[in-house]
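Comments concern the structure below.
Read the figures in this text as sums done on the coordinates, not as results from a lab. Remember, predicted model here, so these are calculated numbers, not experimental data. Every residue, glycine as well, gets a Cβ built from its backbone with ideal geometry; the counts of neighbours run over all protein chains shown.
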Amino acid sequence: MSTKKVISILMAVLILISLTGCGVIDTVKGMIVKDEEEPEVEMVRSDENIFEIQNDDSMRDTVLYYKTEAGYIVPVKRQIPWEEGIGKAALRNITDSPAIRDDIKDIGLNPIIPSGTEVIGMAIDQDTGLCKVNFSREVLNYNDEQDEYSLVKGIVYTLTEFPSISKVRLMVDGEYLDAMKFGTDIRNPLEREDINMVNEEMDGNSKVVVYYKGTTNGEYEYYVPLTIPTSTQDDTGYSALNKLFDGPPSDSSLYTDIPSEVSFRGLDIRDGVAYINLTEDSLSYIKDQYVVDSMTRNIALTLKEISPIDSVKIMINGVSLEETGIEVSEPTTVPVFANEY
């Protein structure tokens, strides 16, 4: 091609660009990136909002509280999209809506906040840990005392999972109420206390939180924390494990991972390791790996409510499982969350 022709073509291109502005440039750019593979984008629904998540760094592990058909509130670790005001996002994810019900239907649990409820405002005092939450009046659209209990406890426990929040004050349409519809006292800030309390009429010097298991659909199991009064003041975990090995209250519809034939003998916690001593006749009932894994998890969740532990070791009359000769291995860590979904 002659030099004259090359110059003529270049001049024509320059004239075309000057006439059409940056449209041509954009078209050329589009042609260049068209063949490049677009990054995968995950669409995540959180109630009425749609979030585009480029990677897992944009998701946050958050413990949310839902309720069972029997009215117990249950902690479930979920991943929800990170956003400013993550506390409000957590509340949206426990508010009744078709999207939330569909999202958690497989685990057989239900949202705790009535449908249509909006969080009008939320303020957190970083110095005191007090979180004030202002709900729309739809928050009062529940049917009975059990729903009210689940609602109040579920909100308080969900919000106090965040390190910056230690207590919660509830408002409705900008007003402080003395009590909810069925009498729950909300005049003062509420803290984490007495989750799923049983036998409230029973006199006790102390209370322990014990993790039992439940299921709604027979397929997905979840751990349920119960607060149980005890006759002795004990902060070592011994009383809690006694309650765990004795089994749940007969009218609770719950169960444990501890075979009924296994008997608890003692507890010793040293250097972050909880040594659980069982009676000799328990040995024949814990020879299965699944049983040992399940027992250890159930024990660890209960003990973690009292004292931080790193691992659990099962003993038979003071002898380790390895020394007894049974071919099972014990988990080297304890669960971080009771339930994950």
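Numerical summary
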read-out	value
Surface/4 of the Cα convex hull for segment 206-324, nm²	7.6 nm²
In Hz, Karplus ³J(HN,Hα) per residue of segment 70-75 (6.51, -1.76, 1.60; θ = phi - 60°; x = Gly, Pro)	7, x, 6, 9, 10, x
Cα gyration tensor shape of segment 87-212, rounded if a/c is under 1.5, else prolate or oblate by comparing a/b with b/c	rounded
Span from the segment 116-164 Cα centroid across to the segment 266-341 one, whole angstrom	36 Å
GLU323 versus SER58: modelled label distance in nm, points set 7 Å from Cα along the beta carbon direction	5.5 nm
Förster radius 51 Å - calculated FRET efficiency between THR332 and SER115, Cβ distance, rounded to 0.05	0.70
Which of VAL210, PRO189, SER239, positive extreme of dipole for segment 175-241 (C-beta unit charges)	VAL210
Residues with amide H under 5 Å from that of VAL208, placed H, sequence gap 5 or more	ILE228, THR230
Förster radius 22 Å - calculated FRET efficiency between ALA99 and ASN141, Cβ distance, rounded to 0.05	0.75
Estimated distance in nm for a label pair at SER164 and GLN233, the labels positioned 7 Å out from Cα along Cα-to-Cβ	3.8 nm
Of LYS213/LYS304; LYS181/LYS207; LYS207/LYS304, those spanning more than 19 Å from alpha-carbon to alpha-carbon	LYS181/LYS207
Segment 142-220: trypsin sites (Lys or Arg not before Pro) in DSSP loop, at most 16 other beta carbons within 10 Å	LYS181, ARG187, ARG192
Amide H within-cut-off set for GLU340, under 5 Å, with H built and near neighbours excluded	LYS77
